[in-house]
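The values are calculated or read from the model by the stated rules, or taken from the named source; none is laboratory data. Quick caveat, the model's predicted, so the values are computed rather than measured. Cβ atoms come from the backbone with ideal geometry, glycine included; neighbour counts cover every protein chain shown. Heads up: the accessible areas ignore ligands, DNA and RNA and are worked out on the full protein's heavy atoms, side chains in. Shrake-Rupley method; radii C 1.70, N 1.55, O 1.52, S 1.80 Å.
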Amino acid sequence: MRSNFKPLGNFIREVDIRDVEKSVDLLLGVSIQKKFIPSIANTIGTDMSTYKIIKKNQFAYGPVTSRNGDKISVALLEEVERAIISQAYFSFEIIDSNELLSEYLMMWFRRPEFDRYARFMSHGSARELFDWESMRNTLLPVPSIAKQKEIVKEYKIIQNRIVLNQKLIQMLEETAQAIYKEWFVDFEFPDENGRPYKSSGGKLVPNKELEIEVPEKWNVNKLSDFCEIKGGKRLPKGQELNDENSGRPYIKVADMSNSKFVVLNEKFQYVDDETQKTISHYVVSNGDVIVSIVGTIGMINVVDESLDKANLTENCVRLTNFENINSDFIYHYLYSSIGQRVIEMRTVGGVQGKLPLYNIQSIPILTPNPGIMEKFEKIIRNINVLLRNYSNFNCKLTDLNDVLLSKIATIEN
């Protein structure tokens, strides 16, 4: 053991203060993403006086590690001054912040190596627990407080830049979607004189299929008229994905992004080369639009070049080989409130709904004249460049964060 590795129990103490006066209303839980989240527990009829009070800069963790995705739920309270948590959680605090910083300790908890350690050290029959004594026995490097502050500062710089980039991505996507709505929902696209079409008296005609008025000479076609719609593929029986960055990336619904582009990152799993041979016809290409069709239905992404030739789950379809229309237009249509409503209307089934392939093929698409489409494509193309840059930058920053977390174990005084 390195000289600066010390038992965590030397630096922390358990905190067990119950809300006997019921003075705190904010009930939180701890997620496997290492964050405090609003609790979804049904507390009707529950005696809340038995719940624990947790204060800012204190920690809480759930000791149950079985059926928890091989992760341990642990978090540091930073956003609010006080909250209450279930009595099932352990809560604790650092004894002396001049010896160990809470932010530095939380960085240690974020390491995947700590999750594996906690899982390995868990014990029990019906359910496996990483108990309080096991937490106290955890060994970690404790360099000087100056070194801890330096490490935390580096980590926060990266985190703050990721948050800023995400805000810029959201702003760009909202701008693109606002342009789409203005032009193709409100029909205020620029006419031949550069004025808003509808407000300037542009002619609208009834459309029976969409049950709305649309600009004159605009057409309604089926989605299948503009692109090929192909399903994904499940792994052959007995085969599993690997986490070793070996083989071909495999896009799952869980990998889909809230942003426009789905970009390769460290969370992706891979198909080995031998398995790849049996599902080689089910790969995506740069610029394809993918749509989730089972479970969480209607998630929409555009495939980034980093995932060109990646495999696709059977729970998604891909729209590819576009003709006479741009994939960006299709993305924004399906992402819009109108597109999501169309998808919802074509979803079948009960508890486990599904969006069948033939229902996707028949989705009606209102298409403008070529001149308007060309202007829209030019605007979106410039936005896409920025979106891709910020998305890829964030992936690199996330990788850098992971490197920083992994190097904590090698830090000397």
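Assuming residue 137 fulfils every condition listed in (1) polar (S, T, N, Q); (2) at pLDDT 95 or above; (3) closer than 25 Å to residue 40 by Cβ apart from one, which condition is it?
(3)
Hey, any hits in segment 325-334 for a residue that's assigned to a loop (DSSP other than H, G, I, E, B) and modelled with pLDDT under 90?
Start the filter on segment 325-334 by keeping residues that are assigned to a loop (DSSP other than H, G, I, E, B), which leaves 325-326.
Adding the requirement that they be modelled with pLDDT under 90 leaves 325-326.
Scanning segment 325-334 turns up at least one residue that is assigned to a loop (DSSP other than H, G, I, E, B) and modelled with pLDDT under 90.
I need the full set of residues from segment 15-63 which are farther than 15 Å from residue 91 by Cα, of a type in the set (Gly, Ala, Ser) and open to solvent by less than 50 Å² (accessible area, probe 1.4 Å), in order please.
Pass one, segment 15-63, residues farther than 15 Å from residue 91 by Cα: 20-26, 32-33, 37-49.
Filter again for of a type in the set (Gly, Ala, Ser), leaving 23, 39, 41, 45, 49.
Within segment 15-63, 39, 49 qualify.
Please tell me if residue 163 is at negative phi and without any contact (Cβ under 8 Å) to a residue 60 or more places away in the chain.
It is true that residue 163 is at negative phi and without any contact (Cβ under 8 Å) to a residue 60 or more places away in the chain.
Just checking, which of 279, 297, 290 is aliphatic (A, V, I, L, M), under 20 Å from residue 233 (Cβ atoms) and in contact with a Gly (Cβ under 7 Å, 6 or more places away or on another chain)?
Exactly one of 279, 297, 290 is aliphatic (A, V, I, L, M), under 20 Å from residue 233 (Cβ atoms) and in contact with a Gly (Cβ under 7 Å, 6 or more places away or on another chain), namely 297.
Do we find a residue being of a type in the set (A, V, I, L, M), part of a loop (DSSP other than H, G, I, E, B), in contact with a Phe, Trp or Tyr (Cβ under 7 Å, 6 or more places away or on another chain) and in contact (Cβ under 8 Å) with a residue 40 or more places away in the chain anywhere in segment 348-356?
Quick first cut of segment 348-356, residues of a type in the set (A, V, I, L, M) only: 348, 351, 355.
Imposing the further condition that a residue be part of a loop (DSSP other than H, G, I, E, B) reduces the set to 351, 355.
Narrowing the set further to residues that are in contact with a Phe, Trp or Tyr (Cβ under 7 Å, 6 or more places away or on another chain) leaves none.
No, the conditions are met nowhere in segment 348-356.
List the number of the failed condition for residue 388; all other conditions in (1) on the phi < 0 side of the Ramachandran plot; (2) part of a loop (DSSP other than H, G, I, E, B) hold.
The failed condition is (2).
Search segment 67-90 for residues being in contact with a Leu (Cβ under 9 Å, 6 or more places away or on another chain), touching a residue at least 40 places away in the same chain (Cβ under 8 Å) and open to solvent by less than 60 Å² (accessible area, probe 1.4 Å), and hand back the single one that is nearest to residue 243 (Cα to Cα).
Only one residue fits best here, namely 75.
If you go through segment 116-133 one residue at a time, how many are among the acidic types (Asp, Glu) and closer than 19 Å to residue 12 by Cα?
2
So which residues in segment 94-106 are surrounded by fewer than 18 Cβ atoms within 10 Å (Cβ to Cβ) and under 18 Å from residue 53 (Cα atoms)?
Result: 95, single match.
Looking only at segment 262-298, count every residue that is at pLDDT below 90, over 23 Å from residue 392 (Cβ atoms) and under 18 Å from the mean Cα position of the chain (by Cα) and tell me the total.
So the answer is 2.
Under 9 Å between Cβ atoms, which residue pairs at least 6 apart in sequence (or on different chains) link something in segment 143-156 that is at positive phi and open to solvent by 50 Å² or more (accessible area, probe 1.4 Å) with a partner that is among the β-branched types (Val, Ile, Thr) and not in a helix (DSSP H, G or I)?
No pair meets every condition.
Of these, 182, 173, which one is closer than 30 Å to residue 262 by Cβ, surrounded by 13 or more Cβ atoms within 10 Å (Cβ to Cβ), charged (D, E, K, R) and touching a Phe, Trp or Tyr at 6+ places or on another chain (Cβ under 8 Å)?
Going through 182, 173 in turn, the sole match is 182.
Exactly one condition in (1) open to solvent by less than 30 Å² (accessible area, probe 1.4 Å); (2) modelled with pLDDT under 90 is not met by residue 343; state its number.
(2) is the only condition that residue 343 fails.
Within segment 28-71, track down each residue that is aliphatic (A, V, I, L, M) and touching an Asp or Glu at 6+ places or on another chain (Cβ under 6 Å).
Within segment 28-71, just 53 meets the criteria.
Scan segment 230-255 for residues that are aliphatic (A, V, I, L, M) and open to solvent by 20 Å² or more (accessible area, probe 1.4 Å) and jot them down.
Across segment 230-255, the qualifying residues are 235, 241, 253, 254.
Let me spell it out: the conditions are (1) in contact (Cβ under 8 Å) with a residue 24 or more places away in the chain; (2) in a strand (DSSP E or B); (3) of a type in the set (Val, Ile, Thr), and residue 169 meets all of them except one. Which number is the exception?
(2) is the only condition that residue 169 fails.
For residue 4, all conditions in the list (1) surrounded by 14 or more Cβ atoms within 10 Å (Cβ to Cβ); (2) modelled with pLDDT of 95 or more hold save one; what is the number of the exception?
The one condition residue 4 does not meet is (2).
Exactly one of these conditions fails for residue 328: (1) exposed (fewer than 14 other Cβ atoms within 10 Å of the Cβ); (2) under 24 Å from residue 229 (Cα atoms); (3) charged (D, E, K, R). Give me its number.
Every listed condition holds for residue 328 apart from (1).
Can you tell me which residue within segment 357-383, out of those that are part of a loop (DSSP other than H, G, I, E, B) and under 17 Å from residue 190 (Cβ atoms), is least open to solvent (accessible area, probe 1.4 Å)?
Only one residue fits best here, namely 368.
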